[in-house]
Amino acid sequence: MRIVRKGFVTLLMAVFLLGGCSNASYEDKSKQAVEAAKAAFEEKSQNTNKNTGEIGFYLPFGFEIKEGKPNNIILKNGSKTYILFYNQNESKESKVVYEASVAQYEELETDEQFQGKGKLGFILIERLEDDMNILTAGVGGVKITTETKTSSLDEEAKTLMQIANSVEFKK
């Protein structure tokens, strides 16, 4: 009986420790999100595979265009919604969309900018309740925003930056 009790206590401790390890902190995941966004910003932009009347852009597998309006495209991936905003009057190095985006947030937890190859990239994260966050990634006159769980910040940041970095304005 004593061995069973020790085994149960050991198993219970292992489950508790492993459960605590799987729930990454906001600080760790937000740092990983910044690194992922920066890496996607610095890599060669993805080839465009979707076109609207004004822009061409890369849309990853599983994403679809739900609705398109001037300067806004609503994207879906399963149950998740993304808003792609663009201002064709702003260049890839413009700060106008970045500055307007920063001003919209109430309590911005993460605000990082990247520069290189004639363009300005940025990532913004505002923490919400229940382990949720508003995530925005952008390049110059383009930004894309979604709500995501803390555990998904890095993957979402990479994907959002790949989309934003791929946008090409039609002339």
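The values are calculated or read from the model by the stated rules, or taken from the named source; none is laboratory data. Bear in mind that the values here come from a model prediction, so they are computed numbers and not experimental data. Neighbour counts run over all protein chains shown; Cβ positions are idealised from the backbone, glycine included.
Just name the residue that is farthest from GLU93 (Cα to Cα) out of those in segment 138-149 that are surrounded by 15 or more Cβ atoms within 10 Å (Cβ to Cβ) and out of contact with any Ser or Thr (no Cβ under 8 Å at 6 or more places or on another chain).
THR148
Quick test of your reading of the structure: LYS44 fulfils all but one of (1) part of a loop (DSSP other than H, G, I, E, B); (2) at pLDDT 95 or above; (3) out of contact with any strand residue (DSSP E or B) (no Cβ under 7 Å at 6 or more places or on another chain). Name the failing condition by number.
LYS44 satisfies every listed condition except (2).
Taking the conditions exactly as written (within 14 Å of PHE57 (Cα to Cα), loosely packed, with under 15 Cβ neighbours inside 10 Å and either of a type in the set (A, V, I, L, M) or without any contact (Cβ under 8 Å) to a residue 60 or more places away in the chain (or both)), does ILE163 satisfy them or not?
No: the conditions fail for ILE163.
Would you be able to say whether some residue in segment 87-102 is out of contact with any helix residue (DSSP H, G or I) (no Cβ under 6 Å at 6 or more places or on another chain), closer than 22 Å to THR150 by Cβ, at pLDDT 95 or above and surrounded by 13 or more Cβ atoms within 10 Å (Cβ to Cβ)?
Yes: one or more hits.
Under 7 Å between Cβ atoms, which residue pairs at least 6 apart in sequence (or on different chains) link something in segment 43-61 that is surrounded by 12 or more Cβ atoms within 10 Å (Cβ to Cβ) with a partner that is part of a loop (DSSP other than H, G, I, E, B) and of a type in the set (Val, Ile, Thr)?
ILE55/VAL167; GLY56/THR48; PHE57/THR48; PHE57/VAL167; TYR58/THR48
Tell me, yes or no, whether segment 103-111 has at least one residue that is modelled with pLDDT under 95, more than 18 Å from ALA40 (Cβ to Cβ), of a type in the set (Ser, Thr, Tyr) and surrounded by fewer than 16 Cβ atoms within 10 Å (Cβ to Cβ).
Yes, some residue in segment 103-111 is modelled with pLDDT under 95, more than 18 Å from ALA40 (Cβ to Cβ), of a type in the set (Ser, Thr, Tyr) and surrounded by fewer than 16 Cβ atoms within 10 Å (Cβ to Cβ).
Any chance you could count how many residues in segment 113-154 are within 11 Å of the chain's Cα centre (by Cα) and closer than 13 Å to PHE41 by Cα?
Qualifying residue count for the region: 5.
Within segment 23-41, how many residues are over 18 Å from ASN165 (Cα atoms) and either of a type in the set (Gly, Ala, Ser) or not in a loop (DSSP other than H, G, I, E, B) (or both)?
Total satisfying the criteria: 9.
Sort out which residues of segment 129-152 are within 19 Å of GLN104 (Cβ to Cβ) and either assigned to a helix (DSSP H, G or I) or of a type in the set (S, T, N, Q) (or both), and write them in order of number.
Across segment 129-152, the qualifying residues are ASN133, THR136, THR145, THR146, THR148.
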